[in-house]
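Encoded as structure tokens, the structure appears first; notes follow it.
The values are calculated or read from the model by the stated rules, or taken from the named source; none is laboratory data. The shown structure was predicted, so the numbers you read here are calculated from the model rather than taken from an experiment. Note that each Cβ is placed from the backbone with ideal geometry, even for glycine, and that neighbours are counted across all protein chains shown. Quick note on the areas: whole protein, heavy atoms, side chains included, nothing else; ligands and nucleic acids left out. Shrake-Rupley method; radii C 1.70, N 1.55, O 1.52, S 1.80 Å.
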Amino acid sequence: RLDNVLCRAGYIECRKGWSPHKTGFAATVETILNYTSVSGSSQRFAAAGTNVYDATAAGAIGAAVVSGLTSAYLSYTQVSNQAGNYLFFCNSADTERVYDGATWANSGFTGPVAGTLSHVAVWKRRVWWVERNSTKAWYGAVDAISGAMTAFNFSGIFRHGFFSRSGAPKGIADLVFD
């Protein structure tokens, strides 16, 4: 846990200083992805330039675990089912990817054209994806990590699609109130 503030008698003090965790990136890190295994161990990945790197351990970066991306600005979510935990990401330009705790692969979902999905989230145990420049969202079966997806058209609700008038990306999210 990282605390950026310290509680003092009568005031809150900002934490001073910082230290690098990973070094040697050729481009700016745009996305940090977190993965938690079934056992509870965590892995961290950093997307920079056209690559994704394992950023779990401190020190210099190693070889890319995913390469050839158009953008390192990623939308990601983790999915858990009886088979395990999976980390999905998309960026609206490249084929959607999945991590199973050991290997990165192309997503096994079918339906929309690969590389057209801009946001991903989980809701009601389904993986939902937003299609770029449209009013469509796609969802898979309950607890599915691959297979055919179904389109859901939000055109009656979102006249401008999942993008604002300024062109800034919008997406979907799961809000939980406990």
Here, the chain modelled as identical Cα point scatterers in vacuum has Debye log10 I(q)/I(0) at q = 0.09, 0.11, 0.12, 0.20 Å⁻¹ of -0.38, -0.55, -0.65, -1.35
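Out of the total accessible area of the stretch 69-133 (probe 1.4 Å, heavy atoms of protein only), what percent is carbon and sulfur? Numbers along the way, then the final one.
Numbers: 1330 of 2930 Å².
Result for the stretch 69-133: 45 percent of the exposed heavy-atom area is carbon or sulfur.
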Counting Lys and Arg as +1 and Asp and Glu as -1 over every other residue whose Cβ sits under 13 Å from the Cβ of Val113, the net charge comes to -1
Note on the stretch 1-84: alpha-carbon gyration tensor, axes a ≥ b ≥ c; rule is a/c under 1.5 for rounded, else prolate if a/b larger than b/c, else oblate; result oblate
Per residue, accessible area of the chain with a 1.4 Å probe, heavy atoms of protein chains only, in Å², comes to 59
Once both label points are put 7 Å beyond Cα along the C-beta direction, the Thr23-Asn106 separation in nm becomes 3.9
Share of accessible surface on carbon and sulfur in the stretch 1-67, whole %, 1.4 Å probe and ligands ignored, is 55
When the chain is treated as a Gaussian network with springs between alpha carbons less than 10 Å apart, the largest mean-square fluctuation among Tyr76, Tyr99, Tyr11 is found at Tyr11
As a Kirkwood estimate from alpha-carbon pairs, the stretch 58-153 has a hydrodynamic radius in angstrom of 13.7
Cα-based Debye curve of the stretch 1-43 sampled at q = 0.13 Å⁻¹ gives log₁₀ I(q)/I(0) of -0.56
Most fluctuating of Val79, Val142, Val120 in the GNM of the chain (C-alpha, under 10 Å) is Val142
